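Participant: This is the structure I want to talk about, given as C-alpha cells.
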Amino acid sequence: VPLGLVITWAAAFLLTEAGAYSYKGCDTNIPSSNIVSEHCRKHVSRMKHCRVDTSHAFKSSPWFRFPYPLQWGTPVFHWKMAIVMCVVSIIASVDSVGSYHASSLLVSSRPPTPGVVSRGIGLEGLSSILAGLWGTGTGSTTLTENVHTIAVTKMGSRRAVELGACVLIVLSLVGKVGGFIASIPEVMVAALLCFMWAMLAALGLSNLRYSEAGSSRNIIIVGLSLFFSLSIPAYFQQYGISPNSNLSVPSYFQPYIVTSHGPFRTKYEGVNYIMNTLLSLHMVIAFIVAVILDNTVPGSRQERGVYVWSESEAARREPAVVKDYELPFRVGRIFRWVKWVGL
C-alpha cells in the first residue's frame with residue numbers, strides 16, 4: 001500500500017508540475033458553485049481531484065513542528081454531541097473487545113481475561129482524552145484493519161507495534177509528512193479506501209469461521225445487519241436533500257448534516273439532533289440489529305461463537321499467558337493494586 005501510494009503520487013506530482021491539469025483562465029481556489037465559464041466547469045473535477053497542490057499544504061507546512069496540548073484552544077462541550085459520542089464509544093468498545101479476541105486467535109494465544117479487556121478499554125479512553133487535549137478531532141480506538149494485518153503479514157510481534165508507534169511519534173514532529181498526506185489527490189484516497197475496506201470486510205467476515213458460518217441463523221443475522229446498516233443510514237442521510245441543492249458545505253459533508261433535514265422531527269430539538277445523527281451512522285444500525293437478533297434468535301453456543309474467557313487465576317499460573325498480556329517494560333508491577341490493570 002505505501003509503495004503504490006508513493007508511485008501514484010509521484011506520477012500525479014509530475015503531471016501537475018508539467019501543467020497537465022492547468023487550464024487557461026481557471027482557478028482551483030474558486031468554489032464550484034461560483035464558476036461561470038463553461039470551459040472551467042468542464043475541467044473543475046479534474047483540477048480539484050487530480051492535482052497535488054490543491055490544498056497548498058505541502059509547500060506551506062514547516063519542516064518541524066512540535067504539537068502541544070490546547071494549541072487549538074479550550075475544548076468545547078455540547079451535551080447533544082456528547083450523548084452521540086457516548087453511544088459511538090460504547091459501540092467502538094464492543095468492536096475493540098471483538099478485536100482483542102480476534103488478535104488472540106491470530107497469534108495462537110488464549111482469549112484475554114476480563115481484566116485485560118478492561119485495561120484495553122480504559123487505555124483507549126485515556127488515549128481519547130489525550131487526543132482531545134491535542135485537538136486531533138478524532139478519538140482513539142482499536143483499528144480493526146491493524147488486527148487483520150496480522151493475518152496478512154503473519155507478524156504478531158509486540159516489538160513491531162512498539163517500533164511502529166515510535167516511528168509515528170517521530171513523524172508527527174515533521175510537518176512535511178502531514179503536508180504530503182494532505183496533498184494526496186482525492187481519487188487516490190478513494191482508490192486506497194476501496195482496497196483497504198474491501199480487505200477489511202473480507203477479513204472481518206472471515207472471523208465467522210470461529211462460529212458456525214454455514215448456519216442459516218447466522219447467515220440471516222449477518223445479512224440483515226449488513227443490509228440495514230447500508231439502507232437505513234442512506235435513507236436518513238438523503239432525506240429532504242434535493243439533487244441540485246446548493247448547500248454551504250462541501251458535497252462530501254452533505255450526508256452528515258442530517259440533523260437539519262432528517263426525518264425524525266419532534267418539538268424537542270435536542271432529541272431530533274441525537275436521533276437523526278445516530279440513525280444516520282452505519283455502525284450504530286449494524287450494532288443495534290446484530291445485538292437484537294443475536295440475543296433473541298435461539299442458537300447454540302457454537303452458533304453464536306461464544307468462547308469461554310480465560311480465568312484470571314488460571315492465567316496467572318501460565319507463564320505464556322502472563323507474557324502475552326503483561327504490560328511492556330514490566331510497568332504492570334507498579335499497578336498490581338489496580339484490578340483492571342492486571343490479568
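The values are calculated or read from the model by the stated rules, or taken from the named source; none is laboratory data. Quantities reported herein were computed from a predicted structural model and do not represent experimental measurements. Heads up, the Cβs are rebuilt from the backbone with ideal geometry, glycines too, and the neighbour counts pull from every protein chain shown. Ligands, DNA and RNA are stripped out before the accessible areas are found, and what is left, the full protein with its side chains, is counted by its heavy atoms. Shrake-Rupley method; radii C 1.70, N 1.55, O 1.52, S 1.80 Å.
Table: residues versus (1) out of contact with any Lys or Arg (no Cβ under 7 Å at 6 or more places or on another chain); (2) modelled with pLDDT under 80; (3) farther than 28 Å from V322 by Cβ.
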position: L133; (1), (2), (3): yes, no, yes
position: T141; (1), (2), (3): yes, no, no
position: T144; (1), (2), (3): yes, yes, no
position: H148; (1), (2), (3): yes, yes, no
position: G156; (1), (2), (3): yes, no, no
position: A165; (1), (2), (3): yes, no, no
position: G179; (1), (2), (3): yes, no, yes
position: P185; (1), (2), (3): no, no, yes
position: M188; (1), (2), (3): yes, no, yes
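Participant: Now, a different point. Please work out which residue is modelled with the lowest pLDDT, limiting yourself to segment 33-58 and to residues that are assigned to a loop (DSSP other than H, G, I, E, B) and out of contact with any helix residue (DSSP H, G or I) (no Cβ under 8 Å at 6 or more places or on another chain). First the steps, then the outcome.
Facilitator: The first filter runs over segment 33-58 and keeps only residues assigned to a loop (DSSP other than H, G, I, E, B), leaving 35-37, 51-56.
Pick out the ones that are also out of contact with any helix residue (DSSP H, G or I) (no Cβ under 8 Å at 6 or more places or on another chain) and you get 36-37, 56.
On the way: V36: 57, S37: 69, H56: 73.
This residue is V36.
Participant: Next question, about the same structure. Of all residues in segment 90-110, how many are hydroxyl-bearing (S, T, Y) and open to solvent by 60 Å² or more (accessible area, probe 1.4 Å)? Write out each step before concluding.
Facilitator: Of all residues in segment 90-110, those hydroxyl-bearing (S, T, Y) come to 93, 96, 99-100, 103-104, 108-109.
In the following step, the residues that additionally are open to solvent by 60 Å² or more (accessible area, probe 1.4 Å) were identified as 108.
Of the residues in segment 90-110, 1 are hydroxyl-bearing (S, T, Y) and open to solvent by 60 Å² or more (accessible area, probe 1.4 Å).
Participant: Considering segment 263-292 alone, what residues qualify as being surrounded by 20 or more Cβ atoms within 10 Å (Cβ to Cβ) and of a type in the set (S, T, N, Q)?
Facilitator: Once the filter is applied, which keeps residues that are surrounded by 20 or more Cβ atoms within 10 Å (Cβ to Cβ) and of a type in the set (S, T, N, Q), segment 263-292 yields N276, T277, S280.
Participant: Somewhere in segment 178-185, is a residue open to solvent by less than 50 Å² (accessible area, probe 1.4 Å), in a loop (DSSP other than H, G, I, E, B) and free of Cβ contacts under 8 Å to residues at least 40 places away in the same chain?
Facilitator: Looking through segment 178-185, none of the residues is open to solvent by less than 50 Å² (accessible area, probe 1.4 Å), in a loop (DSSP other than H, G, I, E, B) and free of Cβ contacts under 8 Å to residues at least 40 places away in the same chain.
Participant: Scan segment 139-148 and give yes if some residue there is charged (D, E, K, R) and closer than 30 Å to P185 by Cβ, otherwise no. Reasoning before the result, please.
Facilitator: Within segment 139-148, the first condition is being charged (D, E, K, R), and the residues that meet it are 145.
Restricting the remaining residues to those that are closer than 30 Å to P185 by Cβ gives 145.
Yes, segment 139-148 contains at least one residue that is charged (D, E, K, R) and closer than 30 Å to P185 by Cβ.
Participant: Residues of segment 40-88 being closer than 30 Å to I285 by Cα and in contact with a Gly (Cβ under 7 Å, 6 or more places away or on another chain), which ones? Give the steps one after another, and end with the answer.
Facilitator: Initial filter on segment 40-88 (closer than 30 Å to I285 by Cα): 75-88.
Across segment 40-88, the qualifying residues are P75, K80.
Participant: Looking at (1) at pLDDT 70 or above; (2) surrounded by 13 or more Cβ atoms within 10 Å (Cβ to Cβ); (3) out of contact with any Leu (no Cβ under 8 Å at 6 or more places or on another chain), which is the only condition I30 fails?
Facilitator: With respect to (1) at pLDDT 70 or above; (2) surrounded by 13 or more Cβ atoms within 10 Å (Cβ to Cβ); (3) out of contact with any Leu (no Cβ under 8 Å at 6 or more places or on another chain), I30 is out only on (1).
Participant: Are there any pairs with C-beta distances below 7 angstrom linking a residue in segment 130-154 that is closer than 18 Å to I90 by Cα and in a helix (DSSP H, G or I) to a residue that is among the aliphatic types (A, V, I, L, M) and open to solvent by less than 60 Å² (accessible area, probe 1.4 Å), with the two at least 6 apart or on different chains, and if so which?
Facilitator: T144/L200
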